[in-house]
Amino acid sequence: MASAFIFLLVPLLFQFHSGESAAAIRRNYYSESCPRAEEIVKEQVTALYHEHGNTAVSWIRNLFHDCAVKSCDASLLLEAANGIKSEKATSRSFGMRNFKYIEKIKAALEKECPNTVSCADIVALSARDGAVMLGGPYVVAMKTGRKDSKQSYAAQVDSSIPNHNDTVSAVLSTFQAMGIDTQGAVALLGAHSVGRVHCVNLVHRLYPAVDPTLDPAYAEYLKKRCPSPHPDPNGVFYSRNDLETPMVLDNNYYKNILKHKGLLVVDQQLVSDPETRPFVEKMAADNGYFHDQFAKAFLILSENNPLTGDQGEIRKDCRFVNKK
Ligand code: HEM
Ligand SMILES: *[C@@H]1O[C@H](CO)[C@@H](O)[C@H](O)[C@H]1NC(C)=O
């Protein structure tokens, strides 16, 4: 009786365990199926950075916009087609760029290992390597093995990605839902140490009256960058996030917001809110500490709710779900 029970149970347990570990994301997922996968992504990210430095900036933002919307599943990359509404075409994704270069990374992977490396893993690995190109930390323990979604979640973008003027508590709860604490959220916003903000996301702080939490001289500069109170919503005018080290993922962001030189309302509020301010001060004082916290939170972000096993697919073209 007992031995019959063990006979039944042991294979069951074994199956469950091996099934689970085969499906879960893990480090070096491609070690056998595509041993050079992570190296290839790094080579491509490096080459692209030398052609267009701001590709690296885009890879960092991509990780947030992909992973925060439901899961790290490359749903962000889908084009509008066959009834699919594209996440990257929503207003929250305004300003996102360089998507076409994802195809270059994918092509390099397909050449060496066809149908093997997911677009979701490209989003994660390129974000890791992009951060390094910008002088940021290297996320050593990044896992792979994410599958690509077969659908887009455009309707969920607004509830998953905060708006430029949301409250600190709304922002913190977005991150908490992904297992990222206050310190991690403050560190991730440090991504706004690189890149740019378009005038549509700024003008309400300049017109009709200047936001009193904005440094007056800085506001004058921003008015020159954004001369119209009613910018074309698809317009090209913008200001860089950090005027001193615009292409370095460093703690200058925190120094700037302490000087009331944050571009977005969410950036500036990190200073006025008593829950976030202590972390802003710590990160402004210590770049190494910022990098450690950024890497930690970036890793958690990259593991949000991945699709594994047969929950998704390996897209052949990151812009479209595979044809049946
Ligand atoms: C509260 C959360 C956040 C809000 C409300 C927010 C909002 C924005 C907005 C409005 C822009 C400017 C878009 C434009 O006008 O072109 C932007 C840019 C950017 N965001 Fe965020 N963001 C948030 C969090 C994050 C996180 C967590 C990351 C990555 C870890 C990130 C990375 C970036 C980057 C790199 C850019 C510059 C993009 C470029 O220049 O191409 N953001 N964000
Ligand atoms: C936030 O900005 C949007 C425009 O991007 C605007 O419609 C909305 O009223 C603003 N919300 C607050 C609370 O100021």
- Item | Members of segment 201-225 found to be out of contact with any His (no Cβ under 7 Å at 6 or more places or on another chain), of a type in the set (D, E, K, R) and more than 14 Å from ligand 1 (Cβ to nearest atom), listed by number | Asp211, Glu220, Lys223, Lys224
- Condition test on Asn62, is it more than 23 Å from Asp310 (Cα to Cα) and touching a helix residue (DSSP H, G or I) at 6+ places or on another chain (Cβ under 8 Å)? yes
- For segment 206-324, which helices (runs of 4 or more DSSP H) that fit wholly inside it have 3 or more residues that are over 24 Å from Met142 (Cβ atoms)? 216-225, 252-258, 265-272, 277-285
- Just name the residue that is surrounded by the most Cβ atoms within 10 Å (Cβ to Cβ) out of those in segment 139-175 that are more than 15 Å from ligand 1 (Cβ to nearest atom) and closer than 30 Å to Val248 by Cβ. Arg146
- Query: Only one of these conditions is not met by Thr276: (1) touching a residue at least 24 places away in the same chain (Cβ under 8 Å); (2) surrounded by fewer than 19 Cβ atoms within 10 Å (Cβ to Cβ); (3) over 20 Å from the mean Cα position of the chain (by Cα). Which number is it?
  - Reply: (2)
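Conditions tested, residue by residue: (1) within 22 Å of the chain's Cα centre (by Cα); (2) more than 14 Å from ligand 1 (Cβ to nearest atom); (3) closer than 15 Å to Leu188 by Cα.
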site	(1), (2), (3)
Asn241	yes, no, yes
Ala297	yes, no, yes
Ser302	yes, no, yes
Arg315	yes, yes, no
Asn322	no, yes, no
- Query: For residues in segment 176-200 being open to solvent by 40 Å² or more (accessible area, probe 1.4 Å) and part of a helix (DSSP H, G or I), which is farthest from ligand 1 (Cβ to nearest atom)?
  - Reply: Gln176
- Query: Does Asn256 meet the test of being more than 30 Å from Lys150 (Cβ to Cβ), in contact with a Ser or Thr (Cβ under 9 Å, 6 or more places away or on another chain) and either in contact (Cβ under 8 Å) with a residue 40 or more places away in the chain or not assigned by TED's automatic domain parsing to the domain that holds Gln151 (or both)?
  - Reply: yes
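The values are calculated or read from the model by the stated rules, or taken from the named source; none is laboratory data. Note that the coordinates shown come from a computational prediction; the quantities given were computed from them, not determined experimentally. Here Cβ is always computed from backbone atoms with ideal geometry, including for glycine, and neighbour counts include all displayed protein chains. The area values use the complete protein model at the heavy-atom level, side chains included, leaving out ligands, DNA and RNA. Shrake-Rupley method; radii C 1.70, N 1.55, O 1.52, S 1.80 Å.
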